[in-house]
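Encoded as structure tokens, the structure appears first; notes follow it.
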Amino acid sequence: MHITRPDEKTVLLSRLDALLSELLRRIPQSADPGDNTAARARLFSQPTQDAKEAELIEDWRNYVEPELARLFLSSLEVIEKDLKKLHVDKKSGDATLSIAAGHLDRWVHGLNQARLALSARYEFSEEEMERTLPFTGDPRAFALLQIRFYGILQELFLRELEDD
């Protein structure tokens, strides 16, 4: 993968092989907690677990959670729209993706959401997150690969945002 800035308003991901292209395409579905209780709890974690703070928890559910859900959804909508521009070269098989620099913050949010949802859905421990990637081909190993790749992209995009 190669990241360049062809101009001030564009970030270009190029030399994306089939695996990296697939990982990118999976961001929206990976970020969606669906009915998974652990993923929903991780994305919409309450400010406290103290039962004495029932009013605070209720206000959180009524006011903060819906706003977080809107923020998550808007970030994923931007990512989905950008992913429609993923171009695969028929000759080499490599893909390129042009992302507006103004969308990078949404990408950072969406990638973080995907990482949190995946780690909760697959119940990864901190030890597993730091371990060498197991190349076993099972869904859990693939999810860990996604988390790592999304983390790398987050870091690269954050650097681009700092340079702006």
If you keep only loop residues by DSSP, which GluC sites (Glu not before Pro) in the stretch 74-164 have at most 16 other Cβ atoms within 10 Å of their Cβ?
123
Quick check on the chain: helices-only [θ] at 222 nm, where DSSP H runs of length 4 and up contribute -39,500 (n - 2.57) each and the sum goes over total residues. Nearest 500, please.
-17500 deg cm²/dmol
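With charges only on Cβ, +1 for K and R and -1 for D and E, what is the dipole size of the chain about its Cα centre, in debye, rounded to 20?
Numbers: 22 positive and 30 negative charges, 157 e Å.
Using only the charged Cβ atoms, the result is roughly 760 debye.
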Near residue 1, within a Cβ-to-Cβ distance under 15 Å, what is the net charge of the other residues, with Lys and Arg +1 and Asp and Glu -1?
-1
Coordinate range along principal axes, alpha carbons of the stretch 50-144, Å, largest first:
63, 35, 18
Note the angle between two axes, namely the Cα long axis of helix 104-121 and the longest principal axis of the Cα atoms of the chain, as a number of degrees from 0 to 90, rounded to the nearest 10.
60
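Out of the total accessible area of the chain (probe 1.4 Å, heavy atoms of protein only), what percent is carbon and sulfur?
On the way: 5050 of 9980 Å².
The computed percentage sits at 51.
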Could you pull the accessible area for residue 88 with a 1.4 Å probe, rounded to 10 Å²?
60
Accessible area per residue, Å², the stretch 1-109 with all protein chains present, probe 1.4 Å:
63
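First select every other residue whose beta carbon is under 15 angstrom from the beta carbon of residue 59; then total the charges, Lys and Arg +1, Asp and Glu -1. Before the final figure, lay out each step's value.
On the way: positive: 52, 61; negative: 50, 53, 55, 58, 65, 67.
That works out to -4.
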Distance between modelled label sites at residue 56 and residue 138, nm, 7 Å Cα→Cβ extension
4.0
Please identify every one of the chymotrypsin sites (Phe, Trp or Tyr not before Pro) in the stretch 67-147 that sits in a loop by DSSP and has no more than 11 other beta carbons within 10 Å of its own beta carbon.
135
What FRET efficiency comes out for the pair residue 36/residue 67, r = Cβ-Cβ distance, R0 = 25 Å, nearest 0.05?
0.75
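How high is the relative contact order of the chain, in percent, counting Cα pairs under 8 Å that sit 6 or more residues apart? Walk me through the intermediate numbers first.
Details: 186 pairs, mean separation 48.9, N = 164.
Rounded, it is 30 percent for the chain.
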For 129, 1, the accessible-area ranking with a 1.4 Å probe, largest leading, is 1, 129
Subtracting the Cα-Cα distance of residue 87 and residue 74 from 0.36 nm times their residue separation yields 2.4 nm
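The values are calculated or read from the model by the stated rules, or taken from the named source; none is laboratory data. Values in this document were obtained by computation on a predicted structure and should not be read as measured data. Note that each Cβ is placed from the backbone with ideal geometry, even for glycine, and that neighbours are counted across all protein chains shown. Heavy atoms of the whole protein, side chains included, go into the accessibility calculation; ligands, DNA and RNA do not. Shrake-Rupley method; radii C 1.70, N 1.55, O 1.52, S 1.80 Å.
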